[in-house]
Amino acid sequence: MTHGFDLNDRLEQRDAQNLRRHLEVAESVSARTRFADDPKGEPPAFGDEAVVFASNNYLGLADDSRVQRAAELGARTVGTGAGASRLVTGDTQVHRALERDLAASKGAERALVFSSGYAANIGTIDALAPDVVFSDELNHASIIDGCRVGASETVVYDHCDADDLRAKMERRAADAPGDEQWLVVTDSVFSMDGDIAALSAICDATDEYGASLMVDEAHATGLFGDSGGGVVQREGLSDRVDVQLGTLSKALASQGGYIAGDETLIEYLLNAARSFVFSTGLSPPNAAAAREALRIARETDRATELWDTVATLRDGLETMGYEVLGETHILPVVVGDRGDALELADRLRDHGIVAPAIRPPTVPEGTARIRVAPMATHTADDIAQCLDAFRTAGTEVGVL
Ligand SMILES: Cc1ncc(COP(=O)(O)O)c(C=O)c1O
């Protein structure tokens, strides 16, 4: 009898070959819009130059000199690492200033910064410890893991379907004791489908049953709403959402995540969220970089440049005959068959465009796709190259 692990078996089950391909792409691709030289002097993997249409650095701020300087200043004045949990000695003025700015951008009383969006989701859902979490079926893995970590029961409702949410709440209310605490959790922008949750209808359902509502704005922060506060802000729902999650790692060009909400929520989380309490504080350079990126996002019309690019790409791809899902800056180009999607991604790379294939189980069988994520810094030439590549590669693979 053996109680050991067979990791080869597990790797096979996980489609390890395909994950390896992702890593190979990631090795040669930075967060920047384009890359021409490898800093180590080795030739880049995809020819002389490739343009990246696959990064969540949506505003193109990760290589903005102002953001880089802020990170440098953060490192010089405060240090490269926080050195300890914020509750021990890791709390600095940079963290506090960032949290004030984030709260203001969200129209919330206060914010709390975690070392990642993943940590923010896990720590918050676990700490709130509701009896039941009602969760959209396409919520991000960090929300799902937050539900798994805690003792809460999870009820999954159909994607973006507030009627199904309401029906499931109604059923639960009929069966369960009246003093149960409920938390409804949804992404605002869904990262694989590029669509937006029906937040107003979700707020109505949530209010009707006196439940709390948490919205993950990882892909909306810095892009939607007057001060980049996200879809909640754009739709005027800030007062009806109890917990707003954002990340610093996407449009804000840094690393980290945060929760915005009222004083009591934040005071509770900083005492009870284990991923905050028992983890080293966000690094000062990351905090400083995110603060500068937030300032630029709020004070310039950088997002408008992104929306113009999105409109041109969506229109161009649809005119060619591709099915493009969603209604946001994330453009999932559906191919269907996973082999075709992989081949199309390879051909796009041959034509100088980096955009990965997203395959089952990440997305449902038969809906393999290329996830195109433009950045505000893409030029007209970049966009033309992307569209040309999709036309040529699509014909070569036979999906057009
Ligand atoms: C919807 C959503 N929430 C949370 C996260 C986690 O954020 P982070 O990358 O900062 O850990 C992600 C990351 O991809 C995400 O897409």
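Could you please let me know if Ala82 is in contact (Cβ under 8 Å) with a residue 60 or more places away in the chain and open to solvent by less than 10 Å² (accessible area, probe 1.4 Å)? Spell out the reasoning first.
Working: in contact (Cβ under 8 Å) with a residue 60 or more places away in the chain: yes; open to solvent by less than 10 Å² (accessible area, probe 1.4 Å): no.
In short, no.
For region 159-182, give me each residue that is open to solvent by 80 Å² or more (accessible area, probe 1.4 Å), more than 27 Å from Asp195 (Cβ to Cβ) and assigned to a helix (DSSP H, G or I).
Ala174, Asp175
Of all residues in region 105-144 being assigned to a loop (DSSP other than H, G, I, E, B) and of a type in the set (A, V, I, L, M, F, W, C), which is farthest from the ligand (Cβ to nearest atom)?
Step one: list which residues in region 105-144 are assigned to a loop (DSSP other than H, G, I, E, B), which gives 107-109, 115-116, 129-131, 137-140.
Okay, now just the ones that are also of a type in the set (A, V, I, L, M, F, W, C), so 108, 129, 138.
Numbers: Ala108: 18, Ala129: 20, Leu138: 10 Å.
Looking at the filtered set, the residue picked out is Ala129.
Could you run through region 174-210 and say how many residues are of a type in the set (Gly, Ala, Ser), in contact with an Asp or Glu (Cβ under 9 Å, 6 or more places away or on another chain) and away from the ligand (no atom under 16 Å from the Cβ)? Outline the logic, then answer.
Initial filter on region 174-210 (of a type in the set (Gly, Ala, Ser)): 174, 176, 178, 188, 191, 194, 197-198, 200-201, 205, 210.
Of the ones still in play, those that are also in contact with an Asp or Glu (Cβ under 9 Å, 6 or more places away or on another chain) are 176, 188, 194, 197-198, 200-201, 205.
Still in the running and away from the ligand (no atom under 16 Å from the Cβ): 176, 198, 200-201, 205.
The qualifying residues number 5.
Within region 88-104, count every residue that is among the hydrophobic types (A, V, I, L, M, F, W, C) and not in a helix (DSSP H, G or I). Steps first, please.
Applying the first criterion (among the hydrophobic types (A, V, I, L, M, F, W, C)) to region 88-104 yields 88, 94, 97-98, 102-104.
Narrowing the set further to residues that are not in a helix (DSSP H, G or I) leaves 88.
Here the count works out to 1.
Within region 117-149, how many residues turn out to be surrounded by fewer than 19 Cβ atoms within 10 Å (Cβ to Cβ), in contact (Cβ under 8 Å) with a residue 12 or more places away in the chain and of a type outside the set (A, V, I, L, M)?
Final tally of qualifying residues: 3.
Here are some residues: Glu267, Glu263. Which one is out of contact with any strand residue (DSSP E or B) (no Cβ under 7 Å at 6 or more places or on another chain) and among the acidic types (Asp, Glu)? Before you say what the answer is, go through the steps one by one.
Values: Glu263 fails: out of contact with any strand residue (DSSP E or B) (no Cβ under 7 Å at 6 or more places or on another chain).
On inspection, the qualifying residue turns out to be Glu267.
Here is a list of conditions, (1) surrounded by fewer than 19 Cβ atoms within 10 Å (Cβ to Cβ); (2) over 30 Å from Glu180 (Cα atoms); (3) touching a strand residue (DSSP E or B) at 6+ places or on another chain (Cβ under 9 Å), and Val156 meets all of them except one; can you say which number that is?
(2)
With Ala380, Ala393 as the choices, which residue is in contact with a Lys or Arg (Cβ under 8 Å, 6 or more places away or on another chain), more than 21 Å from Asp193 (Cα to Cα) and aliphatic (A, V, I, L, M)? If you could, list the steps in order and put the result at the bottom.
Details: Ala380 fails: in contact with a Lys or Arg (Cβ under 8 Å, 6 or more places away or on another chain).
The conditions single out Ala393.
Which one of Arg69, Arg32 is of a type outside the set (Gly, Ala, Ser), modelled with pLDDT of 95 or more and either open to solvent by 30 Å² or more (accessible area, probe 1.4 Å) or outside any helix (DSSP H, G or I) (or both)? Give the steps one after another, and end with the answer.
Values: Arg32 fails: modelled with pLDDT of 95 or more.
Being of a type outside the set (Gly, Ala, Ser), modelled with pLDDT of 95 or more and either open to solvent by 30 Å² or more (accessible area, probe 1.4 Å) or outside any helix (DSSP H, G or I) (or both) holds for just one of Arg69, Arg32, which is Arg69.
Taking the condition of being within 30 Å of Ala151 (Cβ to Cβ), touching a residue at least 24 places away in the same chain (Cβ under 8 Å) and hydrophobic (A, V, I, L, M, F, W, C), how many residues in region 86-102 meet it?
Total meeting the criteria: 2.
The values are calculated or read from the model by the stated rules, or taken from the named source; none is laboratory data. Keep in mind that what you see is a predicted model, and the values were worked out from it rather than measured. Glycine gets a Cβ as well: all are built from the backbone with ideal geometry, and neighbour counts include every protein chain shown. Side chains are part of the model used for accessible areas, which takes the heavy atoms of the whole protein and leaves out ligands, DNA and RNA. Shrake-Rupley method; radii C 1.70, N 1.55, O 1.52, S 1.80 Å.
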